[in-house]
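The values are calculated or read from the model by the stated rules, or taken from the named source; none is laboratory data. The structure displayed is predicted, hence computed values, not measured ones. Cβ coordinates were reconstructed from backbone atoms using ideal geometry, including for glycine residues, and neighbour counts include every protein chain displayed. SASA here: full protein model, heavy atoms, side chains in, ligands and nucleic acids out. Shrake-Rupley method; radii C 1.70, N 1.55, O 1.52, S 1.80 Å.
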Protein chains: 2
Amino acid sequence: MNDSMLKNIRLKDGVFAPRQETNWKTTIPGCIRRCEETGRLKAFELKWKEGDPDKPHIFWDSDVAKVLEGMSASLQIHPDPAMEKKLDELIDLVIGAQQPDGYLNTHFTVIDQDKRWTNLHDWHELYCAGHLMEAAVAHYQATGRRKFLDAMRRYADYIDSLFGRDPGKKRGYPGHEEIELALVKLYHASGEKRYLELARYFVEERGTEPNYFVTAENFPEAGLKNRQAHKPVREQTEVDGHAVRAMYLFAGLADIAGETSDPALLECAERLFRNTVQRRMYITGGVGSTQFGEAFTHDFDLPNALAYAESCAAIGLALFAKRLLDITGKCEYADVLERVLYNNGLSGISLQGDTFFYANPLEMNETFFERGHIYSSRQKWFDCSCCPTNYCRFLPRLGLFCADAAPDRLRIDIPAAMEICRPEYAVEVTGKYPYDGRIGIKIKKGGDFTLSVRIPSWCRKHEILLNGKAVAVSDDGYWTSKRVWQTGDEVTLILKLVPEVVYADPRVPADIGKAAVQRGPVVYCLESTDNPGILLHSARIPAHPEFTLRAAEGLPAGTEALLFRGEAVKPSDGPLYGTNPPAYEAVQLCAVPFALWQNRGKSAMQIYLQVK
Amino acid sequence: MNDSMLKNIRLKDGVFAPRQETNWKTTIPGCIRRCEETGRLKAFELKWKEGDPDKPHIFWDSDVAKVLEGMSASLQIHPDPAMEKKLDELIDLVIGAQQPDGYLNTHFTVIDQDKRWTNLHDWHELYCAGHLMEAAVAHYQATGRRKFLDAMRRYADYIDSLFGRDPGKKRGYPGHEEIELALVKLYHASGEKRYLELARYFVEERGTEPNYFVTAENFPEAGLKNRQAHKPVREQTEVDGHAVRAMYLFAGLADIAGETSDPALLECAERLFRNTVQRRMYITGGVGSTQFGEAFTHDFDLPNALAYAESCAAIGLALFAKRLLDITGKCEYADVLERVLYNNGLSGISLQGDTFFYANPLEMNETFFERGHIYSSRQKWFDCSCCPTNYCRFLPRLGLFCADAAPDRLRIDIPAAMEICRPEYAVEVTGKYPYDGRIGIKIKKGGDFTLSVRIPSWCRKHEILLNGKAVAVSDDGYWTSKRVWQTGDEVTLILKLVPEVVYADPRVPADIGKAAVQRGPVVYCLESTDNPGILLHSARIPAHPEFTLRAAEGLPAGTEALLFRGEAVKPSDGPLYGTNPPAYEAVQLCAVPFALWQNRGKSAMQIYLQVK
C-alpha cells in the first residue's frame, strides 16, 4: 500500500468525502482533546510519578501516534496551517520523550524502567513503536520534514540492534502485531533495507519452536493462538485469535510477500485471506466474532446480536485486502475492500465524527437498546481507545483504497467520485456511487497509460461506453484499456444497481432461514427509527420483494432508503413458551444503509430478516 | 423446603432413580477423589505453606461441603456403611480445621489470616460457611448425630456475633449468596431463632444505602447488580446479575417469606420468580444467558448456541420454585420445577455420572463440536467445580421435588414412580412418567389425609379415576381429595401426552421463526448421532408434523425418541454471501430428550428448529 499516492487522489463523493471533512474538523480535534484530558499527551513529558493521576498505560502511546498519523494524512487532503502547527508541537512533545538509545515509550520510561522488552506477549511495546513509525512516515510524506522520521529511524535502529537471529539478540516478536507493516513503510520512506529485513524477521520468527513466548516469557501455550504464535505463520491455514492482531500481521505478511516476491509467502497470505472472507467474515465486512479475546472463532460462527466485529478489525481487513489487491490485481480483493469500506468500515463512527462503536453487531434487539446495552449507542471515547484514533488515520486515506494511480497505469477499484491527478495524467470520476450505478470517468489531462476499471462481483450486468460507444465488456473483474488517452476522452461505466436479497452460506447457523438486503456494495438494515412499533427481529421479507427507493429521512442527501412490503409479529403478553404460533401481519418496511444506523437517536436494528 | 422429608420418599422411576444410584456409586466417589487429588481435602489439615502445591482457594471449602451434604442425602436413600464411615472421617477432618472462635475456612486460616471478612463482595467466606451449614444439617438429618451440626452452630454463632445492625457489628452481607437459605435450615434443625433472624438480616440489609460493598469495601457501583446489591431486595422487580447467586438469594428470600408470613416479602419473591420464568428462562429451565458475569441479561435475551445456562443456576431455580410451591401450593411453580428437573437440571451430568457440563447451550453447531468447543462435551472436573459437587447433593433430593408428604396431606407434584411412606399413610406411584401419561397412585396403607395431584399445565386433557370410576376433573392445577383413604384405594391419573411444537414468545429474538419439540415436560433436541449427515441447524419442522415414537437407541430403556419428516439443507461450497437461496431436501428427523444429549459420543445438537 503506497501511502505516498494519497496526494494524487482527492475524493469528491457523497459518502467518503464528507467523512474526511468531518474527521478533519471534528474527529481529529476531538481525539487530541481526549488525549489531553486523559493524560495521554502529558505522559510524554515523562514527569509522572507514583500518586499522580493518569498513570501512563502501556498502550497509550499508540493512541497519540494514530492521531499524529491521522493529522499528517488529513493535511494531505485538507491543508490546514493551524493543524500543521499543532502537529509539529505534538511531534516535538513526542520526540522529546525519546531516550538517548532511541527508545521511546512513556510507560516503560517512567514506570517499570527495568522491564523493557521483558513481556512482549502482553505489553505492547513493539505495537506502540510500530504506530509511532507509521506516524513518522505519514508526517514525512505530508510535509517533507524528516525530524520525526529520523527519530523513529533511531528507534527502529535500536529495535533492530536488539531483535533477530544473530547471537546475543532476543528472538522475540510482538504480542500485538503492527510493527511489521510499519517497518515496511519505514523502509519505503528511508530506503533502508534493514527495516524490511527486520519486518520479515518478525513475521517469519513468529510461532517457531522453541516458542519464544512460552520459553522466554512463561506464557501459557493455550494463549498462543490468540496472538497468532501457535505455529509459524507460513504454516497457518486458518485465521485465528485476536482479530486486529491477525489483520495487522497478515497485512504485514502481504507487504513482505510483495516486496520479496516470495510466491510461497504470497500463497500463504492469499490462503489466510480466503479463510477469512469465505468462512469468517460478516456480510458487513466485520471480522472477529467474539468478545472473548476479541477474536476469530471458527468457520461459519457469525452470531449477529452478539457479534463483536471490532471497528479496528474491519480497518485491518481493509489494509490486508488493499495489499493483496495491489500485489495481485485480483478483483476479489477489491470486492472485500469495498464491502468493508461501505459497511463495517464506516459504521464504527457517527456521521458527526464524535462518537464511536468499538463493536459492530448486526442486530440490536428492542430490549438491548432499551437497557442501554454497551453496543447500543456510540461512545465518545474508551479506556482502550484504539478505534476512535484508528478512524483519525483511516478516513483521510479512503482515496487510496479507491484507486491506484501509478505513472503508467490507473486502476479504479471503487468508482466513488474523485479526482486523480498525477504529473502524467489527470482523471475525474463523477457520479453518485454507491447509490447510483452510472459512473463517468473523464480524462482531464491526457497521457499514455493503462486504465483499469473494476466491475464489482455483485454486479450482474454492466455496460461500458468509450466516448459514448459501447465497448466489449470484461468478465475477469476489470475492464482494461491501454492507450494514449486524450484530454476529454470519457469512459462511462453503467453498473446495474438493484436491491437484492442476499443469503449467507447455510452453514452459518445464525443466518439460517434469513437473508439480508444489499444494493450494490451497501448492506441495508431495518432501524426502528424508520419502522416505529415494529418488532424488527420478527420482520419477514418475501423471497422476491418489490423494492421502492426513497430518499432516506434524516440521513445525508443522496442516501437511498429501500421500501418493501413484509410481515412482522405484533407482540402481546402470553406465556414465554406455548403452542400458539406467533401471528404475523403485513407491514411496510424501510431499510437504510447499515453503516448509518444509530445516527438519528437510539434505535433497534436488524440486518438479517426472516425470508417468507 | 423440608429436607427431613427425604426419608419418606423413595423414587422408583426410570429417569430420576437411576441418576440417584449413579450419584451414589460414581459421582460422589468421583468428587471425593477429585477433592483429594486437587488438595481440597488436604487443605483442611491447615498445613499448607508458601511454595507448597495446591494453594487453598477461597471457595474450595464449598466443594467439599457439597460433597459431604450429598453423601448425607444419599445415605438417606441408599444406606451404605462404607460411605457413612468415610463421611464421618471427612467430617472429622473438616471440623478439625475449626478455630477456637468457631471460624472455619481453610484459605483464610492458612493464607490471608488478617483478611477475614474484609472482602465480602468477592471472597466467598459466607458462601462457604453456608454450604458447610447445609452439609451439617444434612448429616444430622441422615444420622441423627450432632457433632457436625454443633460445630456449624458454633460457626453460625460466631458469624451472628459479627454481622447485624447492632452497634459494633459489620453491616455486611455475602457477595455470593447461599448462607441465607442455609441459616433457615440450621434454624429448622436446631430450633434456634437467631439463625432465622440472621438470615433475614442478610436478605433485608442487602443493597440498602449507604451500600456496604461500596462504602466499606470500595467495590465499584457498576458491579453491584451482578451481586443483587444495587438496591434493597424488596425493591427489586427484575432478576439480575449472577444467576446462581440470584437463585440462591431468592430461594432464601422465599424461605424467610414463608417463615415470617410477611405478605410483602412473599409478593416480592413471586414477582422475581415471574420475571425469571416469564422473561428470562430457557425452555430447558436454564437461566443466566451470558457467560459475562455468569449472569442474567434482560427480558427475552435468550441466545441458544451462546447460552450459558449454568447447571448450578438451574439447580438454584429448582430450589427457588420448590420453596414457592410449598408456600403457595400454586401449580405454576411445579410447572417450572418440572421443566428444570427433566431438562437443564439433568443435562449438566452424564448418564454415567462422571462428566459434567458447566454451561448448557441449547444448540451445538457442527463446527463448534468439531473444534472442541468448551461446551461441546462434558468435563470431568473444573477449576471452579461448583456444578459437579452440586449434583452430589441435588440428585439424592429429587424425591423431595416430586412430592410433599406432610402428616395430614400428600401433594404429588411430579408423578414419577415412587413410594411415599409415613407413619400416617403409605402411597405408591406407578407408571413410566414422563414417557407415559398413565399414572397409578395406590394407597398401600390407608389413613386420613388430603391427597393432591398436580395436573401439569402442558397437559391439555386429562382423566382421573378413583377406584376405576371417573371423577370430576380439576382446572386449578391440582386435583384434591380429602378423605379417610383405605388401603387398596387407587387413583388413576391419565395425562394426554403428545409431542407438541412449542414456540417461544416472539419477543425472544433467538427463537423467531423457530420452534422446539416437547412431549410432556421433556424438551427434545436433534443430535447428529441420530441424524448423521444432516446439517442440524438447517433442519425445518412442519407446523403440524406427524410424530412417531420409537425406543431411543443407545439411551436408557424407556426413553422415547420422536421421528418426523422435515427438511434440511445439503451444504455445498459456494460464496459466503450470495443471491441463491439454500436448497432444502426432505429428510427423516429423529429427536431425543435434550437432557440426554452428548451421551453417545460427540454430537452436534439443536433444540430450536425452523418451522416450515
For the pair A and B, the solvent-accessible area buried on both sides (1.4 Å probe; DNA, RNA and ligands excluded), in Å² to the nearest hundred, is 4500
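If we sort A:120-126, A:411-417 on the protection proxy, mean other Cβ atoms within 10 Å, highest first, what's the order?
A:411-417, A:120-126
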Measure of size requested: the Rg and Dmax of the stretch B:458-515, with Cα atoms as the atom set and Å as the unit; please supply both.
17.8, 53
For the stretch B:1-128, with the dipole built from +1 on Lys and Arg beta-carbon atoms and -1 on Asp and Glu ones, taken about the Cα centre, which of B:SER74, B:GLY96, B:PRO18 lies farthest toward the positive end?
B:PRO18
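If the only charges are +1 at each Lys and Arg Cβ and -1 at each Asp and Glu Cβ, what is the size of the charge dipole of the protein assembly as shown around the Cα centre, to the nearest 20 debye? Kindly include the intermediate steps, with their values, before the conclusion.
Numbers: 148 positive and 164 negative charges, 291 e Å.
The dipole magnitude comes to about 1400 debye.
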B:GLU267-B:LYS444 pseudo-label distance in nm [points 7 Å out on the Cα-to-Cβ vector]
4.5
For the stretch A:331-439, what size does the Cα cloud have along each of its three principal axes, sorted from largest down, in whole Å?
56, 29, 25
Peptide-level mean, for B:568-577, of C-beta atoms on other protein chains within 10 Å:
6
Cα shape, the stretch A:82-123, gyration tensor, a/c 1.5 rule
prolate
Inverse mean reciprocal Cα-Cα distance (Kirkwood Rh) of the stretch B:221-306, Å:
13.1
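For the stretch A:153-195, what class follows from the C-alpha gyration tensor (a ≥ b ≥ c being the square roots of its eigenvalues): rounded when a/c is under 1.5, otherwise prolate if a/b is larger than b/c, else oblate? Don't skip to the end; give the middle numbers.
Numbers: a/c = 2.29, a/b = 1.37, b/c = 1.68.
Taking the square roots of the gyration eigenvalues as a ≥ b ≥ c, the stretch A:153-195 is oblate.
Over the whole of B:495-508, what's the average partner chain Cβ count within 10 Å per residue? Rounded to a whole number, please. Intermediate values should be presented prior to the final figure.
On the way: counts 0, 0, 0, 0, 0, 2, 2, 5, 9, 5, 10, 13, 13, 6.
What the average comes to for B:495-508 is 5.
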Expressed in µm² per second, the diffusion coefficient of the stretch B:14-126 from the Stokes-Einstein equation, with Rh the Kirkwood radius over alpha carbon pairs, at 10 °C and 1.306 mPa s, is 104
Tell me, what ³J(HN,Hα) does each residue in the stretch B:10-24 have, in order and in whole Hz, if you take phi through Karplus 6.51 cos²θ - 1.76 cosθ + 1.60 with θ = phi - 60° and put x for Gly and Pro?
10, 6, 9, 7, x, 10, 7, 4, x, 5, 5, 5, 5, 4, 4
Computed over the stretch B:388-445, the distribution of all Cα-Cα distances in 5 Å bins, rounded to whole %, is 4, 18, 26, 22, 16, 10, 4, 1
At A:GLY574, with labels set 7 Å past Cα in the Cβ direction, how many nm apart are the copies from this one, shortest first?
3.3
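Can you give the accessible area per residue of the stretch A:1-59, in Å², using a 1.4 Å probe? It would help to have the intermediate numbers written out before the result.
Values: 2880 Å² over 59 residues.
Ligands and nucleic acids excluded, the result is 49 Å² per residue.
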All alpha-carbon distances of the stretch B:7-77, grouped into 10 Å bins from 0, give the whole-percent distribution 18, 41, 23, 13, 4, 0
Shortest first, in nm, what separates the label point of A:THR208 from those of the same position in the other copies (7 Å along Cα→Cβ)?
6.7
Could you check how much of the accessible area of the stretch A:503-612 is carbon and sulfur, as a whole percent, using a 1.4 Å probe?
51
Efficiency by 1/(1 + (r/R0)^6): what FRET value for A:LEU549 and B:ALA551, r their Cβ-Cβ distance, R0 = 56 Å, to the nearest 0.05?
0.45
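Work out the P(r) tail for the protein assembly as shown: percent of alpha carbon pairs separated by more than 49 Å, whole number. Can you show the working numbers first?
Values: 278386 of 748476 pairs.
In whole percent, the long-distance tail amounts to 37.
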Cα extents of the stretch A:417-483 along the three principal axes, largest first (Å)
36, 24, 21
For the stretch A:531-570, listing GluC sites (Glu not before Pro) in a DSSP loop whose Cβ sees at most 14 other Cβ atoms within 10 Å gives A:GLU546, A:GLU553
Can you give the helix-only mean residue ellipticity at 222 nm for chain B, where every DSSP H stretch with n ≥ 4 adds -39500 (n - 2.57) and the sum goes over all residues, rounded to the nearest 500 deg cm²/dmol?
-10500 deg cm²/dmol
Leading residue at positive end of dipole, the protein assembly as shown (Cβ point charges), from B:GLY437, B:GLY329, A:VAL233
B:GLY437
Over the alpha-carbon set of the stretch B:429-577, work out the extent along each principal axis and list the three values in angstrom, largest first.
74, 37, 20
Mind checking which of A:SER457, B:CYS384, A:GLY144 is farthest towards the positive end of the protein assembly as shown's charge dipole, using Cβ charges of +1 (Lys, Arg) and -1 (Asp, Glu) about the Cα centre?
A:SER457
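Given the peptides B:259-268, B:456-465, B:320-329, arrange them by the average over their residues of other C-beta atoms within 10 Å, most packed first. Please report the intermediate quantities before stating the final value.
Values: B:259-268: 14.6, B:456-465: 16.6, B:320-329: 23.7.
Answer by packing, highest mean first, reads B:320-329, B:456-465, B:259-268.
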How far is B:ASP448 from itself in the other copies, in nm, if each label sits 7 Å out from Cα along the Cα-Cβ line, shortest first?
11.9
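Find the all-direction average of the projected area of the Cα convex hull for the stretch B:121-216, expressing the result in square nanometres with one decimal place. Before the final figure, lay out each step's value.
Working: hull surface 22.7 nm².
Averaged projected area of the stretch B:121-216's Cα convex hull equals 5.7 nm².
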In the structure displayed, which of A:LYS85/A:LYS147; A:LYS612/B:LYS602; B:LYS47/B:LYS86; B:LYS7/B:LYS330; A:LYS225/B:LYS66; B:LYS330/B:LYS612 lie more than 26 Å apart, Cα to Cα?
A:LYS612/B:LYS602; A:LYS225/B:LYS66; B:LYS330/B:LYS612
Highest-first arrangement of A:395-408, A:207-220, where packing means the average Cβ count within 10 Å
A:395-408, A:207-220
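If you place +1 on the Cβ of every Lys and Arg and -1 on the Cβ of every Asp and Glu, how big does the dipole about the Cα centre of the stretch A:475-612 come out, in debye to the nearest 20?
Value, rounded to 20: 120 debye.
What is the dipole size for chain A, taken about its Cα centre, with +1 at each Lys and Arg Cβ and -1 at each Asp and Glu Cβ, in debye to the nearest 20? Write down the numbers at each step before the final one.
Numbers: 74 positive and 82 negative charges, 229 e Å.
So the magnitude is around 1100 debye.
Per residue, how many Å² of accessible area does the stretch A:341-497 show with a 1.4 Å probe? Each step should come with its number before you reach the end.
Details: 5580 Å² over 157 residues.
For the stretch A:341-497, the per-residue accessible area is 36 Å².
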Let me make sure I get this right: for the stretch A:260-352, a, b and c are the square roots of the gyration tensor eigenvalues over alpha carbons, sorted descending. Under 1.5 in a/c it's rounded, otherwise prolate if a/b > b/c, else oblate. Which is it?
oblate
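Please compute the length gained on full extension between B:VAL214 and B:ASP436, using 0.36 nm multiplied by the number of residues separating them and subtracting their Cα-Cα distance. Display every interim value, and only then the final one.
On the way: separation 222, 0.36 × 222 = 79.92 nm, distance 5.38 nm.
My answer for the length gained is 74.5 nm.
Averaging over all projection directions, find the projected area of the Cα convex hull of chain A and quote it in nm² with one decimal place.
Working: hull surface 113.5 nm².
Over every viewing direction, the Cα hull of chain A projects on average to 28.4 nm².
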